[in-house]
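Novice: Pasting a structure here, questions to come.
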Amino acid sequence: MMKGYIVSINISEKKGERKTPVHEALVNENFGIAGDAHASSSWSRQVSLLALESIEKMRAMGLDVNPGDFAENITTRGLDLVSLSIGTRLHLGAEVVGEVSQIGKECHTRCAIYYQAGDCVMPKEGIFIRVLTGGRIADGDEIGVSLPQPADDRAGGTEDL
């Protein structure tokens, strides 16, 4: 099983602003992170994730950016998030399970980061999950990855190679 780690958990009271790091959070099933403006049972983009490695790309372009500055809920380390497919399950800490619901996003307005750097990593390298099982998460928690199984494998079929 692939694994990575939670570097930072970030929340904001309003949409469209940088998020503030917190050291732990309650993640509610089919909702998102308690206290975050983007949490809702109305859509599948309940929690956003961005890799620290993506933030470091922006730092290499000369920007002074940190976890939460791209409005991501969870900053990760050690996982190639954009290589994950829709339906991949992420096991965050001991309790929380999420399912990848979207990779990347369309930016409707250019954010301050875009104007500073001429680019932004969240639309291309951020991912979103729908929360299947809630619980508590904290900085440093492990993230396990369960890749979706092809339909034949789920039905007990075999591969012909």
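Novice: Which ranges mark the strands (runs of 3 or more DSSP E) fully within the range 24-100 that have 3 or more residues being within 16 Å of ASP139 (Cβ to Cβ) and modelled with pLDDT of 95 or more? Don't jump to the end; show me each part of the working.
Specialist: Working: elements: 24-28, 47-51, 74-77, 89-92.
In the range 24-100, 24-28, 47-51, 74-77 are the strands (runs of 3 or more DSSP E) which contain 3 or more residues that are within 16 Å of ASP139 (Cβ to Cβ) and modelled with pLDDT of 95 or more.
Novice: Being at pLDDT below 65 and either surrounded by 17 or more Cβ atoms within 10 Å (Cβ to Cβ) or of a type in the set (A, V, I, L, M) (or both) is the requirement here; does LEU161 meet it?
Specialist: Values: at pLDDT below 65: yes; either surrounded by 17 or more Cβ atoms within 10 Å (Cβ to Cβ) or of a type in the set (A, V, I, L, M) (or both): yes.
Yes.
Novice: Mind checking which residues of the range 101-128 are more than 11 Å from the chain's Cα centre (by Cα) and either at pLDDT 85 or above or surrounded by 14 or more Cβ atoms within 10 Å (Cβ to Cβ) (or both)? Can you show your working first?
Specialist: Of the residues in the range 101-128, the ones more than 11 Å from the chain's Cα centre (by Cα) are 105-121, 123-124.
Once the filter is applied, which keeps residues that are more than 11 Å from the chain's Cα centre (by Cα) and either at pLDDT 85 or above or surrounded by 14 or more Cβ atoms within 10 Å (Cβ to Cβ) (or both), the range 101-128 yields LYS105, CYS111, ILE113, TYR114, GLN116, ALA117, CYS120, VAL121, PRO123.
Novice: Please find, among ALA60, ALA39, ALA71, ALA51, the residue that is free of Cβ contacts under 8 Å to residues at least 12 places away in the same chain and within 13 Å of PHE128 (Cα to Cα). Steps first, please.
Specialist: Details: ALA60 fails: within 13 Å of PHE128 (Cα to Cα); ALA71 fails: free of Cβ contacts under 8 Å to residues at least 12 places away in the same chain; ALA51 fails: free of Cβ contacts under 8 Å to residues at least 12 places away in the same chain.
Exactly one residue qualifies, and that residue is ALA39.
Novice: State whether one or more residues within the range 1-16 are among the β-branched types (Val, Ile, Thr), part of a strand (DSSP E or B) and without any contact (Cβ under 8 Å) to a residue 60 or more places away in the chain. Please lay out each step first, then the result.
Specialist: Looking only at the range 1-16, we keep the residues that are among the β-branched types (Val, Ile, Thr), and these are 6-7, 9, 11.
Still in the list and also part of a strand (DSSP E or B): 6-7, 9, 11.
The next check asks that each one be without any contact (Cβ under 8 Å) to a residue 60 or more places away in the chain; those that pass are none.
No; the residues of the range 1-16 include none that is among the β-branched types (Val, Ile, Thr), part of a strand (DSSP E or B) and without any contact (Cβ under 8 Å) to a residue 60 or more places away in the chain.
The values are calculated or read from the model by the stated rules, or taken from the named source; none is laboratory data. Small disclaimer: the values here were computed from a predicted structure and weren't measured. Cβ coordinates were reconstructed from backbone atoms using ideal geometry, including for glycine residues, and neighbour counts include every protein chain displayed.
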